[in-house]
Amino acid sequence: MEDSVLIAGTALMFLFGWFLMKRLDRFLDENQKRIKESSEQEQAEPCVHLVGNISPDELEETFSQFCNSHAHVEIVIYDSEQISFPDNKSDWAQ
């Protein structure tokens, strides 16, 4: 009698542990998907550097893609032969 109670108790503990691990596995999978999705969204390039001759269509497409992937966009256009690219955002307005 004692053996059957011990076997049943042990089986119940294993069953409960299996149930908890399944739920933990599902939770971790969902978190992994969320982390992967958020990291893919954040990996967009923070800066677009256009060098040389570029067609107006390519320029428009590049700006469009950049604006779609970033919430707050400020576009700064400068001539590198006349001024150097500013290090600070506050210097851009000059």
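Please name all residue pairs, on different chains or six or more residues apart, with Cβ atoms under 7 Å, provided the first residue is in segment 23-42 and is within 17 Å of Ser69 (Cβ to Cβ) and the second residue is loosely packed, with under 10 Cβ neighbours inside 10 Å and of a type outside the set (A, V, I, L, M, F, W, C). Taking only residues 6 or more apart or on different chains, not a single pair turns up. Each residue in segment 17-45 was checked for being modelled with pLDDT under 95 and open to solvent by 100 Å² or more (accessible area, probe 1.4 Å), and 11 of them qualify.
The values are calculated or read from the model by the stated rules, or taken from the named source; none is laboratory data. Remember, it's a predicted structure, so these values are computed and weren't measured experimentally. A quick note on method: Cβ atoms are made from the backbone with ideal geometry, for glycine too, and the neighbour counts reach across all protein chains shown. In case anyone asks, the SASA skips ligands and DNA or RNA and just uses the protein heavy atoms, side chains included. Shrake-Rupley method; radii C 1.70, N 1.55, O 1.52, S 1.80 Å.
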